[in-house]
Amino acid sequence: MCGIVGYVGNENARNIIIDGLKRLEYRGYDSAGIALADPEQGMIVRKKKGRIANLEEYISGENLFSTIGIGHTRWATHGAPSDENAHPHVSADGKIALVHNGIIENYVELKKELMEKHGIVFSSETDTEVLTKLIGVLYEGDLEDAVFKALDRVRGAFAIGVISQDEPGRLVAARKDSPLIVGLGRDGNFIASDIPAILKYCRQIYLIENNEVVVLTENNVQIFDAQRRPVRRDVFNVTWDADAAEKEGYDHFMLKEIHEQPEGIRNTVERRMDDHGEIVLDGINLTRETIEYFNKVYIVACGTAYHAGLIGKYAIEKFAHISVEVDIASEFRYRDPFVDDRTLFIAISQSGETLDTLAALREAKKKGARVLSVVNVVGSSVARESDDVFYTWAGPEIAVASTKAYTTQLVCMYLIGMYMGRKKGLLDDETYQTLMNELLVIPDKLETLLQKERVVQDLARRFYRSNNVFFIGRGPDSYVSYEGSLKLKEISYINSFAIAAGELKHGTIALIEKDTLVVALATQDSLFEKMLSNIKEVKSRDATVLAIAKEGNTTVEAEADYVFYIPQCPDELTPLLSVVPLQQFAYYIAKMRGCDIDKPKNLAKSVTVE
Ligand code: AGP
């Protein structure tokens, strides 16, 4: 997610904004910029790719003073990280500057209209510049009016801050689906993406709601609804300290990111559908012919991304009827794999910088494969070296233990499988529509599921002293059990093992003894009876069983010691739900064991070594 800071008051906006941007660095970004509206010098815009320190260095020799300004840290979604793509962006006459967090979905059509009807020339690849140029075209001396008119034309998510050199006392802001707050300060008023940016200056804030526009001056703040009617808003008094504020009140980034999964899935799905509900994979040029030409798909990744790849195999084979091989990147690159120009090579990587995955990708390219990558970081090495890129749009993932990136990777796997199946004429309208409808309601089901967190916390309290934990499942549940086991291992340091339930009897069951905790995923209707047998199997060896099952399948209670229920949904999509209690289970066990959850020992967020 991008970070926004804005100020209008009687202090030097430059210092306040740079300071505020630094407090948003934890959110992850790839470039930063600032705009200051000065009556004499006009609109001053300075922006640089890279860290905020780069921007500070860039402006260090200038005596920039203004009492109004906006600033931005960019997390690229449209257009790779670069000086030109960094925010703020300006209107055609350079007099209006804007910063934006979110995605303008209809920016292509607006851009075309601005170029053809108004002869607008663009300097960046971003959707944000289109919105800025549109406001410039609609500006007739009243910035608030121009913003309202422009937002009437826009579809998508936005939190914006806009200033004009012709109105140096007014800052206009607006939000829809991207977070925005207003800070009421002693020496002026602020806008920000979230509290840490302005906590140093004010603790009284307005939480801005969807489709509201805010007009700030040094001494006044007005909030308007979409119909331009004034809105009265209670002041929210912030009691958090700075550290808690970065996590928006959560104790750890991991827990915050677990709770951001509904939004991440929504962002990843909804912006990939056209007005007819068909999947539109921007950045992926796979035609029916190219898809028919592939005779094999390789999915290659590491760790959690590899576990997402296993679900990808399941989804692509099920929906597109193409043989899929999934491999761990560090193995793939050394086994001289059978890859040629009829191979689609899918690399999955949250960071896009994992060296094993990057090296495997290069090996596949060398052998002629078409490379599609699923990554969370725009402009990352894996993205740059791929033929097609499918972004997960989970927003920056700060915690080392991957959660929201994993579930958005799953969504990408489902969409790729369904897209290819549709292109091959294998997914009829009814089946496709049912699946899409189910996918679209997953975020709501996830919201409901997250409200049962206390139940998971109580289970964690019961088991946090365990020394050995087994995860078992069948079909997609076995792939999710691998992920649940990895989560527990990497943040609680408990020895955990995942295995396909049907495989237990071929040796591993020798390890099951009295009170061994076995987490049994039993969400697949088609395999439910089999899983009940496996639960009986480990119970007969005095194991303690925690089952994860769909609501309504209460027969499992006769076999398992504890059951955690997830909402009903098609077997294919249950991984999007069943993984969440496992993430929370790992989190609360690690918390009760006093572990460093966001930065586990010996681990890095991105493994850029072999
Ligand atoms: C997952 O929680 C771990 N942090 C780790 O396994 C990670 O998934 C793996 O290193 C791959 O990282 P990537 O997705 O950035 O390539």
Report task. Go through Val269, Val300 for me and flag whichever is among the β-branched types (Val, Ile, Thr), within 16 Å of the ligand (Cβ to nearest atom) and not in a loop (DSSP other than H, G, I, E, B). Result -> Val300
Report summary line: Taking region 339-383 and keeping residues farther than 19 Å from Ser606 by Cβ, touching a residue at least 12 places away in the same chain (Cβ under 8 Å) and not hydrophobic (A, V, I, L, M, F, W, C) leaves Asp340, Asp341, Arg342, Thr343, Glu363, Lys365, Lys367, Gly368, Arg370
Report task. Return only the number of the condition from (1) loosely packed, with under 15 Cβ neighbours inside 10 Å; (2) out of contact with any helix residue (DSSP H, G or I) (no Cβ under 7 Å at 6 or more places or on another chain); (3) touching a residue at least 60 places away in the same chain (Cβ under 8 Å) that Val235 does not satisfy. Result -> (3)
Query raised in the report: How about region 327-359: which of its residues are crowded, with 24+ Cβ neighbours inside 10 Å and either within 11 Å of the ligand (Cβ to nearest atom) or hydroxyl-bearing (Ser, Thr, Tyr) (or both)?
Result: Ala329, Ala347, Ile348, Ser349, Gln350, Gly352, Thr354, Thr357
Query - Filter result for the condition that a residue is free of Cβ contacts under 8 Å to residues at least 24 places away in the same chain and either within 15 Å of the ligand (Cβ to nearest atom) or surrounded by 18 or more Cβ atoms within 10 Å (Cβ to Cβ) (or both), over Tyr414, Tyr432 - result: Tyr432
Query raised in the report: Just for region 206-228: of the residues that are charged (D, E, K, R) and under 23 Å from Ala157 (Cβ atoms), which one is nearest to the chain's Cα centre (by Cα)?
Result: Glu209
Report task. Please state which of the following conditions Val389 fails to meet, knowing it meets all the rest: (1) buried (at least 24 other Cβ atoms within 10 Å of the Cβ); (2) within 16 Å of the ligand (Cβ to nearest atom); (3) under 23 Å from Ala320 (Cβ atoms). Result -> (1)
Report summary line: Of the residues in region 177-197 that are modelled with pLDDT under 90 and touching an Asp or Glu at 6+ places or on another chain (Cβ under 7 Å), the one that is surrounded by the most Cβ atoms within 10 Å (Cβ to Cβ) is Pro196
Query raised in the report: Hey, among Ile316, Ile311, Ile322, which residue is aliphatic (A, V, I, L, M), more than 16 Å from the ligand (Cβ to nearest atom) and in a helix (DSSP H, G or I)?
Result: Ile316
Query raised in the report: Looking at Ser380, is it surrounded by fewer than 24 Cβ atoms within 10 Å (Cβ to Cβ), under 22 Å from the mean Cα position of the chain (by Cα) and modelled with pLDDT under 95?
Result: no
Query raised in the report: In region 377-386, is there at least one residue being part of a strand (DSSP E or B), more than 11 Å from the ligand (Cβ to nearest atom), within 21 Å of Thr290 (Cα to Cα) and acidic (Asp, Glu)?
Result: no
**Report entry** Lone unmet requirement of (1) touching a Ser or Thr at 6+ places or on another chain (Cβ under 7 Å); (2) at pLDDT 95 or above for Asp515
**Finding:** (2)
Query raised in the report: Limited to region 573-599, what total is found for residues that are out of contact with any helix residue (DSSP H, G or I) (no Cβ under 7 Å at 6 or more places or on another chain) and part of a helix (DSSP H, G or I)?
Result: 1
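The values are calculated or read from the model by the stated rules, or taken from the named source; none is laboratory data. Treat the numbers as computed from the prediction; the structure is a model and nothing was measured. Because the Cβ atoms are built from the backbone with ideal geometry, glycine has one as well, and the counts that use them run over all protein chains shown.
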